[in-house]
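Please read the structure below before turning to the comments.
Nothing in this text is a laboratory measurement; each read-out follows from the coordinates by a stated rule. It should be emphasised that the depicted structure is a prediction, and the values quoted were computed from it without experimental measurement. A quick note on method: Cβ atoms are made from the backbone with ideal geometry, for glycine too, and the neighbour counts reach across all protein chains shown.
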Amino acid sequence: MAAAITRDSVPVLRRGVRRQFDRTRNCAILMAPERVIVLDEIADAIIESFKPAATVGDIAAGLAMRFQAPAQEIEEDVIAFIRELNDKGLIVL
């Protein structure tokens with residue numbers, strides 16, 4: 001069973017996964033063993049917000065301010081994206 005993701009969850013990139021800027025593609029990517037994931041602007045903003053002890057709620061609140069968007073809507077989008085990363089084994093909670 002997958003871990004429940006709530007506003008109090010603290011997402012962290014799994015060991016061996018890192019975010020970097022790819023000059024060839026001219027965009028941010030996630031590098032993981034034997035795979036590369038191209039990040040769009042929103043996905044990159046979410047992953048950039050992963051900080052020690054930063055909860056999903058903290059990440060969503062920061063992005064809502066940054067993009068001047070409704071906090072509840074942003075939080076739902078952040079949870080959905082983090083769930084996708086978790087399902088792919090790219091993060092730990």
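In terms of overall dimensions, the chain has a Cα radius of gyration and Dmax of 12.9, 38 angstrom. Model label points for Arg18 and Ala32, set 7 angstrom from Cα along the Cα-to-Cβ axis, are 1.7 nm apart. Within segment 20-80, the trypsin sites (Lys or Arg not before Pro) that combine a DSSP coil assignment with at most 12 other C-beta atoms in a 10 angstrom radius are Arg23, Arg25. Of the residues Gln20, Met65, Ile47, the one whose Cα sits farthest towards the positive end of the charge dipole of segment 1-83 is Gln20 (charges of +1 on Lys and Arg Cβ, -1 on Asp and Glu Cβ, taken about the Cα centre).
Extension gain for Asp58-Ala4 works out to 17.7 nm (0.36 nm per residue, less the C-alpha to C-alpha distance). Using Cβ point charges alone (K and R +1, D and E -1), the dipole size of the chain about the Cα centre works out to roughly 500 debye. Given the options Ala45, Ala61, Ala53, state which has the largest fluctuation in a GNM of the chain using a 10 Å cut-off (strictly under) for Cα springs. Taking springs between Cα atoms under 10 Å, the residue moving most is Ala53.
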